[in-house]
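Working notes, beginning with the structure itself.
Derivation of every value follows stated rules applied to the coordinates shown; laboratory data play no part. If you're wondering where the values come from, they're calculated on a predicted model, not measured in any experiment. Quick reminder, even Gly has a Cβ in these numbers, built from the backbone with ideal geometry, and neighbours come from all protein chains shown.
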Amino acid sequence: MYIGLDVGGTYTDAVLLEKGRVKSWTKVPTREDLLNSLLEAFDKIMRGVPADLIKRVVLSTTMITNLIAEKKYDPVGLILLPGPGLENSHYRFDTKTCIVGGVIDYRGREVVPLPEGDVDSAIRTLAGLNYKKVAVVGKFSSRNNKHEKEVCRRIQESYIDWQVEMGHEVAGQLNFPRRVMSTLLNCATRDKYQFFAQSVLAALNSRDISCPVYILKADGGTMPLNTSLSSPVETIFSGPAASILGVQALIPPGETAVILDIGGTTTDLALILGGQPLLASKGADVFGHMTHVSALAVKSVPVGGDSVVECVGKELILLSERVGPPYCLGGPMPTPTDALKVLGLTKLGNMKKANEAMKILGKPLGIETWEVAARIMMMVNDTITGEIKNMFEKWEQEPAYRVWEVLQKKRVRPNTVVGVGGAASGFMPMIAATLDCRPLIPPYAQVANAIGAAVARPTLQVSLRADTEQGIYTLLEEGYQGPIEDKPFNEEKALRLAEKWLHKRAKKYGLENDMGEVEVTRREVFNMVRDWVTSGKLIDVSVQTKRGILHYIGTGGGNIER
Amino acid sequence: MKGKKTGVIFFPAFDWAISPTHPEREERLLYTRDQIFEEGLMDLPQIAEYPPKLATIHDIARVHFCVPRVQSQVTEAHLIAAGATMSLGDSIIQGEIKNGFSIVRPPGHHAMRVVHGNRGFCNINNEAVLVDYLRRRYGICRVAIVDSDVHHGDGTQEIFYHDPDVLFISFHQDGRTIFPGTGFAHELGGPQAYARTINIPLPPGMTDTTFHYVADNLVLPLINDFKPDFIINSAGQDNHYTDPLGSMKFTARGYADFTRKLNPHLAVLEGGYAIETALPYINMSILMALAGIDYSKVREPDIDSCSFKENPDRFAQVQKTVEELLDIWSRRDKADIEKIFGSGKFYQRKKHIYYDTDYIEEEQFEKVRLCGSCPGYMLIESRADRGYGETARVFAVSIPFNACQDCQMEAYNWYEEAVNKKKGCDFVQMQDKSTDTCLSFDISKNQEWKSEGPRPGV
């Protein structure tokens, strides 16, 4: 049996899954005392189930997201090695930023050595300002980490107690500003995240649950809780990822669907294309900071059941803010929820109050209560369906860098709209009809996120880049850089080496028995020609265990692999 | 213009090459990709990245007479490179972006109107495809094309040689020292478009000083006078001091400053084969210059150890050429065309064209109708030798987009006569740009193909 646990800001949801069946579920308030909230949730779902039957626990949480949103973390100093390119004034982060010379180029060659004097003065500056956390990030450091490591070593010579985070260990992909942001956030949230993880482990311990524990990443993959301690930033947006995987498990396989999570103030949109959740092409945008965190594509639209509706001149206007609960629940202003009530589409609230809300809006326009309600419904519908169409169009507009990628682009439209979240059911029929789709509210929609966590498949990836002219290879995820020993090196050997590292990683994370099939997601070879002869090869390969879910719920416990 | 973004389509064609060790191979834009992506330029608010689209066969046929047909000369990579350029053109005309950079492969400025094969690494002229597309779709008329590749943009020159509404300016390494061996100052355009083609051959070894002397004293004043609706820069990057094919000494900074001054609507990547030492830095600084971002910190790694000195004799030579061309330009409307080109119903010339990549020899006989009310239609007889006695002969008729009715009728008669005669050639082709119709007749199969573009505004 698996436990799925979603620790949100307001509620903690838990489910107990036995093969593809929900055995029990619960929703308890998340209190200040995290440990006791977790214990309460466990006790409710575990009633009568012995702890040794639990084979795996998977978590998702908005903890890190909330920490960053509320800026509740210690300041982090930055030491950057940007080299030539954009003006340094572009690297403006909300903290002390020291720029150090030293240049690495796109192939990882050292163009200008690290100036030691610069480094020491940067360290002195940060020490003078009492920074104890420092992120060290260099341009092209994922191609050669020599400079970052050297800066780190010099810091630790003088300040052994500082927490130093290096860019190449956090984010290996190209894009220096995003690497800086990911490294900074990782450094900032590390200790708070450790506290969270320890509370979870303590709760499990006190109930004798000793199975492996994983946490869901923003891209729908999972990693063991222990190893996640060094990369907390990867867990940001694990909440939305959990709810998308949950929906994937709750709808029929192979569906192309829009997921609609209509809440009080926002509506989150996500796409499942041909049964697979859509991954964002670029790293996550974390409250305006662009990062390298790989995430499922989620679009937040500022409209929900509690959004304020106002009458301006001869028009009704839907505002993106919330000033309180809906009028029919004792709030100050008319909202879409009041319109739902008038049209008999929700059980919530007081009918008399809802009618009153519509009258307030309808009076200056001289229209009937039901027509006001209908117009509000139409506005919500237009906003949401417009954004859904945008999302599909944006997906079609993604850049392509190869001939075959351009040729295989096609137009896809959804056939199902899946609703989760409080206000979804009332708006669903109209939205589905507008998009010419089937509306669907799956069973257990309230705890879709905890279900998503429970069914998530453990995943691992290894990306290897070999430069045979220089005789070195680098591993993006591990931050490892070493010499190529098996010469002459070629594409096949690169693939085998990547798979070897994948198994090594799996073993490190205790996943060697859970790997399933290994997919090759990228294989590219570029001949390097210098002076008209081939001088070497650049080989890029990525291998990964399959992402996705282990079970569909309600299919009689069918395992997907069978 | 303010507040709008710079559009960029980056299409490195990582799965397309002429041959594995050819300069025009998969690796060419790899380091440019690395540099631009690591720099995070695509995330900047001043820049918007667009996906490439495919040009249609008709978009190609509107410009080129491909022998025997378009499909035999283009690969999908060509359609994407041309389509990307068109797509940025769309976004600029529709006001979505202020300007654009089409960083695409394969290049195109050596491709001429008739295409028997690949020459100078080019099959399809991306800029010409864009110009005819913009004219058809948006009614854009006057266009300036400035070619800053080290090689003479002979394809673009040839296509627009008789077009009075296209100002083509090319500065390049002297044709006596580099492919394609043309682009001398006396090549000034045909009788209907005199001084609309301007060539400034530069002696080898010239530096940014010459680059900017030519830009400031010739290119910019001419564009200012011409008042084009749309400015294109054929942004070849092989004038760089590290280029293996060219012998010039321009820098990335020089290219960026030039881009800022010219302020083109669209820059289209052409040549440039110093894929490690030049392309990452030049492409990045051109993009930054277009987007109005400070590029002063973009530097080649070895720039400090280089000291380039201008040769005063050669510089004086360039100054003299520029002055002569300015003089010709200022008297362009008073020139005695009959004295230069002769008189009669047609102007005609013979051309010999060599396809260096595909080893094809082409003989061409070109006639232009000297019409008083429009630029006049063109008749081309072309015969290509592919070696081993294998030849292809085509008779082609081209009607300009602003043709008068008489020219249009006469041109159709020429086409029909050639089709009916059924001898002297293997293929008869016609492009009627005034109605956006292309016809192609295969004599041996006795069969005609016809394609029509979408109606304007559709």
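Here are some notes:
- Residue order for A:Leu435, A:Leu38, fewest other beta carbons within 10 angstrom first, comes to A:Leu435, A:Leu38.
- Pairs from the list A:Lys133/A:Lys192; A:Lys72/A:Lys133; A:Lys71/A:Lys149; A:Lys71/A:Lys133 with a Cα-Cα gap above 18 Å: A:Lys71/A:Lys149.
- Rg/Rh for segment B:100-205 stands at 0.96; both radii use Cα atoms, and Rh follows the Kirkwood definition.
- Long-range lysine pairs (8 or more apart or interchain), segment B:5-330, Cα under 22 Å: 14
- Computed from backbone phi, the HN-Hα couplings of segment A:448-454 come to 4, 5, 5, 5, x, 4, 5 Hz, rounded to whole numbers (Karplus: 6.51 cos²θ - 1.76 cosθ + 1.60, θ = phi - 60°; Gly and Pro given as x).
- Nearest-ten-degree value, helix B:126-138 long axis tilted from longest Cα axis of chain B: 70
- Every pair of different Cα atoms in the protein assembly as shown enters the Kirkwood calculation, which places the hydrodynamic radius at 32.1 Å.
- Here the gap between B:Lys297 and B:Tyr138, fully extended at 0.36 nm per residue and compared with their Cα-Cα distance, gives a gain of 53.4 nm.
- From the alpha carbon centroid of segment A:206-284 to that of segment B:79-128 is 42 Å.
- If you take all other residues with their beta carbon under 12 Å from the beta carbon of B:Arg369, and give Lys and Arg +1 and Asp and Glu -1, the sum is -1.
- Long pairs among A:Lys55/A:Lys217; A:Lys282/A:Lys341; A:Lys139/A:Lys507, criterion Cα-Cα beyond 29 Å: A:Lys282/A:Lys341; A:Lys139/A:Lys507
- Coordinate range of the alpha-carbon atoms in segment B:344-452 per principal axis, descending: 44, 30, 24 Å.
- Inter-site label distance for A:Glu499 and A:Ala69 at 7 Å from Cα along Cβ, in nm: 4.4
- With neighbours defined as other Cβ atoms within 10 Å of a residue's Cβ, the residues A:Glu368, A:Glu524 order from fewest to most as A:Glu368, A:Glu524.
- For the pair A:Leu365 and B:Lys261, a Förster radius of 56 Å applied to the C-beta separation gives a FRET efficiency near 0.45, rounded to the nearest 0.05.
- From the C-alpha gyration tensor of segment A:315-361, square roots of 5λ in Å: 16, 12, 10
- Extension gain from A:Lys347 to A:Ile441, taking 0.36 nm per residue of separation minus the Cα-Cα distance: 32.2 nm
- Spread over its residues, the convex hull of the C-alpha atoms of segment A:208-306 is 134 Å³ per residue.
- Gap separating the Cα centres of segment B:153-188 and segment A:34-87, nearest whole Å: 64
- For B:Tyr354 and A:Glu393, a Förster radius of 51 Å and the Cβ-Cβ distance give a FRET efficiency of 0.65, rounded to the nearest 0.05.
- Nearest-ten-degree value, helix A:146-158 long axis tilted from longest Cα axis of chain A: 90
- Placing dummy labels 7 Å off each Cα toward the beta-carbon, the span from A:Tyr480 to A:Ala51 is 3.5 nm.
- The spread of Cα positions in segment A:133-214, taken along each principal axis and listed from longest to shortest, comes to 47, 31, 17 Å.
- One decimal place: the segment B:Asn413-B:Asp442 gains 8.7 nm when fully extended, by the rule 0.36 nm per residue minus the C-alpha distance.
- Gyration tensor verdict on segment B:5-330 (Cα atoms; rounded if a/c is under 1.5, prolate if a/b is larger than b/c, oblate otherwise): rounded
- The distance linking segment A:454-527 with segment B:411-458 is 56 Å (Cα centroid to Cα centroid, whole angstrom).
- The three principal axes of the Cα atoms in segment A:1-95 give end-to-end lengths of 63, 28, 18 Å, sorted in falling order.
- In plain terms, the bigger the Kirkwood radius, the slower the diffusion; for segment B:399-458, with that radius from Cα pairs, at 25 °C and 0.890 mPa s, Stokes-Einstein puts D at 199 µm²/s.
- Placing dummy labels 7 Å off each Cα toward the beta-carbon, the span from B:Asp15 to A:Glu315 is 4.7 nm.
- Using a Förster distance of 25 Å, the FRET efficiency for A:Ser230-A:Ser121 (Cβ separation, nearest 0.05): 0.30
- Calculated diffusion of segment A:461-545, Stokes-Einstein form, Kirkwood radius summed over Cα pairs, 20 °C and 1.002 mPa s, µm²/s: 161
- Shape of chain A, Cα gyration tensor, a/c cut at 1.5: prolate
- For B:Lys433, the aspartates and glutamates whose Cα falls under 15 Å of its own Cα, not counting residues fewer than eight places away in the same chain, are B:Asp59, B:Asp132, B:Asp163, B:Asp165, B:Asp406, B:Glu410, B:Glu452.
- Cα gyration tensor category, rounded, prolate or oblate, for segment B:162-236 with a/c compared to 1.5: oblate
- Excluding same-chain neighbours fewer than eight residues apart, the aspartates and glutamates reachable from B:Lys350 by a Cα-Cα span under 12 Å are B:Glu362, B:Glu363, B:Glu366, B:Glu381.
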